[in-house]
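To start, the structure itself, in structure tokens.
The values are calculated or read from the model by the stated rules, or taken from the named source; none is laboratory data. Not measured: the values here are computed from a predicted model. So basically every Cβ, Gly included, is an ideal-geometry build from the backbone, and we count neighbours across all protein chains shown.
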């Protein structure tokens with residue numbers, strides 16, 4: 001593009017981010033859960049283009065990491081803990 005890294009970084013909008021580590025007995029069950037998939041889809045629909053969601057099983061611990069970026073810290077906290085509750089119930 002010919003733009004410097006500083007110019008490109010200036011275009012990126014930083015959003016509030018929340019990371020919740022959810023202890024689970026079965027990381028695979030969480031990955032394959034329809035309930036978790038529905039909850040993630042609902043949150044992605046709520047956030048639209050203004051945020052993102054990432055659920056990732058830990059490679060070394062019995063955890064699923066729930067990361068949410070949203071326009072406000074309040075929304076990021078609420079949504080991350082909502083998803084963490086679904087993950088905990090399944091896992």
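If I ask for residues that are surrounded by 15 or more Cβ atoms within 10 Å (Cβ to Cβ) and within 19 Å of residue 14 (Cα to Cα), which ones from region 62-77 would you list?
Passing the criteria: 66, 67, 68, 69, 70, 75, 76, 77.
Kindly indicate whether any position in region 32-40 is under 16 Å from the mean Cα position of the chain (by Cα), touching a residue at least 24 places away in the same chain (Cβ under 8 Å) and farther than 12 Å from residue 86 by Cα.
no
For residues that are in contact with a strand residue (DSSP E or B) (Cβ under 6 Å, 6 or more places away or on another chain), in contact (Cβ under 8 Å) with a residue 12 or more places away in the chain and outside any loop (DSSP other than H, G, I, E, B), scanning just region 42-61, find the one that is surrounded by the most Cβ atoms within 10 Å (Cβ to Cβ).
Among them, the one singled out is 43.
Looking at region 69-91, is at least one residue part of a loop (DSSP other than H, G, I, E, B), touching a residue at least 24 places away in the same chain (Cβ under 8 Å) and touching a strand residue (DSSP E or B) at 6+ places or on another chain (Cβ under 6 Å)?
no
Can you tell me which condition residue 28 does not meet? The list is (1) at pLDDT below 90; (2) in a loop (DSSP other than H, G, I, E, B); (3) within 22 Å of residue 88 (Cβ to Cβ), and all the others hold.
Single failed check for residue 28: (2).
For every residue, the table says whether it meets (1) under 25 Å from residue 72 (Cβ atoms); (2) surrounded by 15 or more Cβ atoms within 10 Å (Cβ to Cβ); (3) touching a strand residue (DSSP E or B) at 6+ places or on another chain (Cβ under 8 Å).
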| site | (1), (2), (3) |
| --- | --- |
| 13 | yes, no, no |
| 18 | yes, yes, yes |
| 30 | no, yes, yes |
| 35 | no, no, no |
